[in-house]
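A.B. asks: This is the structure, below, for whatever I ask next.
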Amino acid sequence: MREVDIGRILEAEQNPRNRLLFEVLVRTGLKVSEVVALRVSDVMAIGYPRAKIRNHKPGNHTRTLRRLISLRDDLSASIIAAASLRASSEPLFPSRKGGSITKSRADGIVREMGRRAGMSINPGDLRSYFVADCTRRLGPLAAAEEMAFSGIGSLDCHIRKARP
């Protein structure tokens, strides 16, 4: 996957929530379970248009902080705008029925967005793209730290998967 492919996929999507979901996945390297668990209160505006999001350990009922993720200005502005429409306790990616969208629904959204752009992708491909891009920009050790990986093995697996 290349940056041009990401642009093509985003251009083809009309739903703002789905576009933001895709962008958060591809620009942060978060897992789907981490993204669908995001709450509005996890968005930290640090001077418009800059923002960070709090990433919590998945499945952790005490919401233990795992890392803070700095966002690019364009993604920051989109997240701040989406967060401003909801109460702090609400999910960042709500379902039509209330509550957060499910992990399987988010997976389906990503696959459908790719299909409309003529590609076969899944959320794991987006994470691998982010890891490979992060490694190119920062080097392997900094990328492993950025992703909160426990070792280089996980990083290497994603890099190999991202290669065409």
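A.B. asks: Need one word for region 68-127: rounded, prolate or oblate. Basis is the Cα gyration tensor (sqrt eigenvalues a ≥ b ≥ c); a/c below 1.5 gives rounded, then a/b vs b/c decides.
C.D. replies: On the way: a/c = 2.21, a/b = 1.36, b/c = 1.62.
Oblate is the answer for region 68-127, as a/c is 1.5 or above yet b/c matches or exceeds a/b.
A.B. asks: Here's another thing I want to ask about it. So for the pair S70, A87, with labels modelled 7 Å out along Cα→Cβ, what separation do we get in nm?
C.D. replies: 3.4
A.B. asks: Using the Karplus curve 6.51 cos²θ - 1.76 cosθ + 1.60 with θ = phi - 60°, work out ³J(HN,Hα) for each residue of region 18-35 in order, rounded to whole Hz, and write x for Gly and Pro.
C.D. replies: Values per residue, Gly and Pro as x: 5, 4, 5, 4, 4, 5, 5, 4, 7, 9, 10, x, 5, 6, 4, 4, 6, 5 Hz.
A.B. asks: Another one. If amide hydrogens are placed 1.01 Å from N in the peptide plane, which non-local residues have theirs closer than 5 Å to the one on S100?
C.D. replies: Distant-sequence amide H within range of S100: S95.
A.B. asks: Check which residues have an amide H placed less than 5 Å from H56's amide H, if you skip close sequence neighbours.
C.D. replies: Correct list: R66.
Just so you know, all these numbers are worked out from the coordinates, no wet-lab data involved. Computed from a predicted structure; not experimentally measured. Neighbour counts are summed over all protein chains in view; Cβ atoms, including those assigned to glycine, are modelled from backbone coordinates with ideal geometry.
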